[in-house]
Amino acid sequence: MSSKQGSPANRGHLWIGLGTALLGVLLAIGASQIGGAAGYGGAGPAFLPWLVSLVLIGLGLLQAAVALRSGEELVEAPAFDPRWKAVAWVSAGVLLNALLIERIGFIPSCALLFALAARGFRLGADGRPGLGTLGRDFIIGLAISAPVFWVFTKVLGLTLPALVKGGWI
């Protein structure tokens, strides 16, 4: 039977829980600064950020409480070698997407993100992806991001960075 005092091995879980709750608090501060009137069904532009922030705060506090109360180690950390090349490829995809989305447009920048992230995931799984795989993944990224762009811009009427100044279509 476990005692009601937290295990020192659960200290990481405690900090992750508190960090998650803090992230929720920061998101709530940002949500409080979102203006706009409530739309259909009473949900305004700040509804989803408030919902996410409250869920983060609740889950973070719950994880911290479990870490403090559990007398046994919650989870044993798995042993694996770091995959720094995989992290580098995925990070490069995210950074290039952020840098290029307004310069080359939503569709090609998201396709590049998809291709670089897929390469990183393959490297992380001990795969040996070639340049042909990178090109194929870029085409798959185009096939995924183009309908997303069109749905957001044409169906929902939201503005995403376009391929050219006047929009792609």
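Taking segment 11-42 as the range and being modelled with pLDDT under 80 and closer than 29 Å to Gln63 by Cα as the test, no residue passes. In segment 103-120, the residues that are closer than 12 Å to Ile140 by Cβ form Cβ pairs under 6 Å with partners that are surrounded by fewer than 23 Cβ atoms within 10 Å (Cβ to Cβ) and among the β-branched types (Val, Ile, Thr), at six or more places apart or across chains, as follows: Ala117/Val90. Remark: pairs (first residue in segment 69-88, under 20 Å from Arg122 (Cα atoms) and modelled with pLDDT of 85 or more; second residue surrounded by 13 or more Cβ atoms within 10 Å (Cβ to Cβ) and aliphatic (A, V, I, L, M); Cβ separation under 8 Å; 6+ apart in sequence or on different chains) = Arg83/Leu123; Lys85/Leu123; Ala86/Leu123.
The values are calculated or read from the model by the stated rules, or taken from the named source; none is laboratory data. Please read all numbers here as calculations on a predicted model, not as lab measurements. FYI the Cβ positions are ideal-geometry reconstructions off the backbone, even for glycines, and counts take in every protein chain you see.
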